[in-house]
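Notes to accompany the following structure.
The values are calculated or read from the model by the stated rules, or taken from the named source; none is laboratory data. Computed from a predicted model, the values in this text were never measured in an experiment. Cβ sites come from the backbone with ideal geometry, for glycine too, and all protein chains shown count toward neighbours. All accessible areas refer to the heavy atoms of the entire protein, side chains included, with ligands and DNA or RNA removed. Shrake-Rupley method; radii C 1.70, N 1.55, O 1.52, S 1.80 Å.
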Amino acid sequence: MLVNQRNWESKREKLGKLTAVVSLLPEKHTSLSKRPVKKIAILKRLRTPFEARQAKQPEDQNQVQNDLLSILSAHLDLYHPAISLKHHRCIREAIALHTLDHITKKRRRVLKNNERISHALSDPPEDVQDQGFTRPSVLIILPFRSSALAWINALTTHTPSFQIENHTRFLGEYDLPPDAVDKLVTAPPGTYPADHVETFKGNVDDSFRVGIKMTRKSIKLFADFYSCDLILASPLGLRMSIEKEKSADFLSSIEILVVDQMNALAMQNWDHVQFILSHLNNLPKESRDADFSRIKPWYLDGYSAYLRQSIFMSPFEIPETRSLFNASLKNLAGKVRVEKTWPALHVPEGVDQTFLTFDCSNPKDEADKRFSYFTTHLLPKVLKSAVQSANTVVFVPSSFDFIRVRNYFRKQGGISFAVLSEYSSNQDISRARQAFFSGKNSFLLISERFHFYRRYKIRGIRNILFYGPPSHPQFFSEFLTYPFLDDGVEVSDITCRVVSCRYDWFKLERILGSKGVNEVLEV
């Protein structure tokens, strides 16, 4: 197939409020910006309450929703790695509307063909291929139960007159208990960063799965997977279900895939995400009472992945998500990637920042070369300095690199250090922070996952060594402000060293800005 040969025409263009869009379309297709403007073909039953809500919200949010719906209605794949906190809710509602419209139209088509078949007793119609092998046609992958609750709220805003079955049970399992106090929500503004509050408020259990069945007047939660239309699940929860049942047949006919908060999924276990995607749109192991006369021909031919629409959402880009966009999306209609021009990060003025680059021409060698540069070039210089070898934080983005660096420190004699990782207990955290602040330990090793989940403000820092740039840009600015938590600290007392290479482009761009990153990497 041409799509496997990547015969795309790539164009960079502006589309409404989406600052820059890179569209990859099949050859000889009209570019997005030149296509005639058409009214988005959403069913009136769903469009009316949606337009009523749009009348009450800011115009910029309406424009973002309409721009995205124009892309989605053309059945293009969408990769949006620049979603702001401000627009996340309205984008989620627009995509929820698109999925509901798809499910409703599919159900109407099936019911209409059922009626045609029932009336054509002697000569049944042949053009009734309207189904897949199994009923579920939409899969939404999310990191936390609180995310699932937000998506259910988004879905039900478009169906105000629908009865929601098992809603009380859902709230009991996916919301916090009625007597629970969410410290992130109740804390005074500014106590916790806004992105941390938005990510971790509510129920943050990461193992869940729920099937949703749509009828003409109702939404049934906790429907069986083989009788539902839409599945909300975390990668871990769905993987456990697949491995327990030894079957992923319920994913064989997915027509719309949505993956939200990909940055949070990457902080969990990216292997689970890849596992789920590898089980999408495969031929089922069992027929499960499928009526093969009603199955669409491309399902029977094994081409359903080429007709599936995928929607990826994240506040920023990482190599793993770009790789999925480049290599995994096969939609014959084409695909679109939203771009963002990143401004340079605001950090305390005057702090000594040095970006150290090492040569690496093969991504497979990146981990070894980074470790070699850190242990043979940077760390020895730091240890020779009485000032820089005390009150020093070593921030390590990758969990694999973190284990390697921690083991290296353990083997070195004469280095006092403490460790903060995502596996540290509250007692371990308290002990490590106190030992570092008091000067008992000269070094504090911190993993990015620890800071992502805990977001502690660390006191006692004077020197910061970034083993690699953090994936989350705000972590960089936060660590540069932490030294000023202590009284009497001057800008001249602080040093910051960042180890990087060409494969850290995305991370450095978010720190230095889209223009400044070229100077550091000498592109």
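Return the percentage of antiparallel bridges among DSSP beta bridges fully within the stretch 353-520, rounded to the nearest 5 %. List each step's numbers first, then the result.
Working: 0 of 22 bridges.
Once the DSSP bridges in the stretch 353-520 are tallied, antiparallel ones form about 0 percent.
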Please get the size of the charge dipole for the chain, origin at its Cα centre, with Cβ charges of +1 on Lys and Arg and -1 on Asp and Glu, quoted in debye to the nearest 20.
660
Which one of His158, Thr134, Ile117 is farthest out on the positive end of the charge dipole of the stretch 89-174, using unit charges on Cβ (Lys, Arg +1; Asp, Glu -1) and the Cα centre as origin?
His158
So for the chain: antiparallel DSSP bridges make up what percent, rounded to the nearest 5?
30
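For a quick check of your reading of the filter: which GluC sites (Glu not before Pro) in the stretch 346-436 sit in a DSSP loop and have no more than 13 other Cβ atoms within 10 Å?
Working: sites: Glu349, Glu366, Glu422; in loops: Glu349, Glu422.
Qualifying residues, ordered by number: Glu349.
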Cα centroid separation, the stretch 358-403 to the stretch 190-267 (Å):
38
Which of the trypsin sites (Lys or Arg not before Pro) found in the stretch 142-250 are loop residues per DSSP with 15 or fewer other Cβ atoms within 10 Å of their Cβ?
Arg216, Lys217, Lys246
Distance between Cα centroids, the stretch 128-163 to the stretch 302-330: provide it in whole Å.
19
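Can you sort Ile40, Ile141 by solvent-accessible area, 1.4 Å probe, largest first? Kindly include the intermediate steps, with their values, before the conclusion.
Numbers: Ile40 35, Ile141 0 Å².
Correct descending sequence by accessible area is Ile40, Ile141.
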The stretch 69-163: GluC sites (Glu not before Pro) in DSSP coil with no more than 16 other Cβ atoms inside 10 Å:
Glu126
Scan [x] 1.08; [y] 1.96; [z] 1.04 for the value of Cα Rg over 2.2 N^0.38 Å calculated from this model and give just the label.
[x]
With an 8 Å Cα cut-off and a minimum separation of 6 or more residues, compute the relative contact order for the chain in percent.
17
For Ala82, distant residues with modelled amide H under 5 Å away:
Ser314
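Please report, in cubic angstrom per residue, the volume enclosed by the convex hull of the alpha-carbon atoms of the stretch 93-189.
About 152 Å³ per residue, rounded to a whole number.
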Read phi for every residue in the stretch 90-107 and hand back ³J(HN,Hα) as whole Hz from Karplus 6.51 cos²θ - 1.76 cosθ + 1.60, θ = phi - 60°, with x for Gly and Pro.
5, 5, 4, 5, 5, 5, 4, 4, 4, 5, 5, 4, 5, 5, 5, 5, 5, 5
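How much length is gained on full extension from Ala333 to Arg216, taking 0.36 nm per residue of separation minus their Cα-Cα distance? Spell out each step's value before the answer.
On the way: separation 117, 0.36 × 117 = 42.12 nm, distance 2.97 nm.
Here the segment from Ala333 to Arg216 would lengthen by 39.2 nm.
What does the helix-only formula give at 222 nm for the chain: each DSSP H stretch with n ≥ 4 adding -39500 (n - 2.57), the total divided by the residues, and the result rounded to the nearest 500 deg cm²/dmol?
Working: 19 runs with 201 residues, N = 523.
Helices in the chain give a 222 nm mean residue ellipticity of -11500 deg cm²/dmol.
If the only charges are +1 at each Lys and Arg Cβ and -1 at each Asp and Glu Cβ, what is the size of the charge dipole of the stretch 353-520 around the Cα centre, to the nearest 20 debye?
Values: 23 positive and 16 negative charges, 87 e Å.
Rounded to the nearest 20 debye, it is 420 debye.
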So, R0 is 51 Å and r is the distance between the beta-carbons of Asp301 and Lys364; what FRET efficiency does that work out to, to 0.05?
0.90
Please turn the phi angles of the stretch 117-125 into ³J(HN,Hα) values with the Karplus equation 6.51 cos²θ - 1.76 cosθ + 1.60 (θ = phi - 60°), one per residue in order, whole Hz, x for glycine and proline.
5, 5, 8, 9, 5, 8, 10, x, x
Can you list the residues, at least 5 places off or on another chain, whose amide H is less than 5 Å from the amide H of Leu444, using H built in the peptide plane?
Thr392, Val393, Val394, Ala418
Which of Leu230, Pro143, Pro315 sits closest to the plus end of the dipole of the chain, meaning its Cα is farthest towards the positive end, when Lys and Arg get +1 and Asp and Glu get -1 on the C-beta?
Leu230
5 Å is the cut-off here: which amide hydrogens, built 1.01 Å from N in the peptide plane, fall below it relative to Ala223, excluding neighbours closer than 5 in sequence?
Gly211, Ile212, Lys213
Testing the spin-label approximation: label points 7 Å from Cα along Cα→Cβ at Leu383 and Lys457. State their distance in nm.
3.4
The distance between the Cα centres of the stretch 457-523 and the stretch 432-451, in whole Å, is 17
Per-residue HN-Hα couplings for the stretch 305-313 [Karplus 6.51, -1.76, 1.60; θ = phi - 60°; Hz; x = Gly/Pro]:
5, 7, 10, 7, 9, 10, 10, 10, 9
